[in-house]
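Peer 1: Have a look at this one before I ask anything.
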Amino acid sequence: MDVKYFGRRLMRVRKNRNLTQRELANEIDVSTKTVSRYEHGLAFPNKKKLYAISKLLNVDIDYLLMGSRN
């Protein structure tokens with residue numbers, strides 16, 4: 001799994017859902033800076049945050065990690 005790929009996928013899905021980084025950050029209880037770091041491939045969420053992101057964005061975790069649509 002490529003962290004930069006995850007970041008690009010996260011940004012694309014977030015924007016398609018018309019969410020700002022601030023809105024995503026508030027929903028998953030992290031800072032806006034943390035979301036930015038995720039999207040730029042500088043950090044990766046733990047399992048709990050990854051699950052929260054997938055639920056909020058209504059996508060499978062596999063889609064965020066690998067791009068597959070199960």
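Quick note: the coordinates plus some simple rules give every number you see, no bench work behind them. Just so you know, these numbers come straight off a predicted model, no measurement behind them. Cβ atoms come from the backbone with ideal geometry, glycine included; neighbour counts cover every protein chain shown.
Peer 1: Any residue that is loosely packed, with under 14 Cβ neighbours inside 10 Å, without any contact (Cβ under 8 Å) to a residue 24 or more places away in the chain, part of a helix (DSSP H, G or I) and not basic (Lys, Arg) - is there at least one of those in region 49-61? Before the answer, list the steps.
Peer 2: Of the residues in region 49-61, the ones loosely packed, with under 14 Cβ neighbours inside 10 Å are 51, 55, 58, 60.
From what is left, the residues that are without any contact (Cβ under 8 Å) to a residue 24 or more places away in the chain are 51, 55, 60.
If we keep only those that are part of a helix (DSSP H, G or I) as well, we get 51, 55.
Imposing the further condition that a residue be not basic (Lys, Arg) reduces the set to 51.
Yes, there is a match, as at least one residue in region 49-61 is loosely packed, with under 14 Cβ neighbours inside 10 Å, without any contact (Cβ under 8 Å) to a residue 24 or more places away in the chain, part of a helix (DSSP H, G or I) and not basic (Lys, Arg).
Peer 1: Then there's this: Within region 1-47, how many residues turn out to be free of Cβ contacts under 8 Å to residues at least 40 places away in the same chain and either touching a strand residue (DSSP E or B) at 6+ places or on another chain (Cβ under 9 Å) or part of a helix (DSSP H, G or I) (or both)?
Peer 2: Of the residues in that region, 24 qualify.
Peer 1: Same structure, new question: Test ASP29 against the criterion of being within 12 Å of LEU64 (Cα to Cα), surrounded by fewer than 14 Cβ atoms within 10 Å (Cβ to Cβ) and of a type in the set (D, E, K, R), and give yes or no. Steps first, answer last, please.
Peer 2: Values: within 12 Å of LEU64 (Cα to Cα): no; surrounded by fewer than 14 Cβ atoms within 10 Å (Cβ to Cβ): yes; of a type in the set (D, E, K, R): yes.
No; evaluated as a whole, the condition is false for this residue.
Peer 1: Tell me which of these ASN16 doesn't satisfy, since it passes every other one: (1) within 18 Å of ILE61 (Cα to Cα); (2) touching a helix residue (DSSP H, G or I) at 6+ places or on another chain (Cβ under 8 Å).
Peer 2: Of (1) within 18 Å of ILE61 (Cα to Cα); (2) touching a helix residue (DSSP H, G or I) at 6+ places or on another chain (Cβ under 8 Å), only one is false for ASN16: (2).
Peer 1: Let me ask another. Could you please find all residues in region 9-44 being on the phi > 0 side of the Ramachandran plot and acidic (Asp, Glu)?
Peer 2: If we filter region 9-44 for residues that are on the phi > 0 side of the Ramachandran plot, which is where we start, we get 18, 29, 41.
ASP29 - this is the single residue of region 9-44 that is on the phi > 0 side of the Ramachandran plot and acidic (Asp, Glu).
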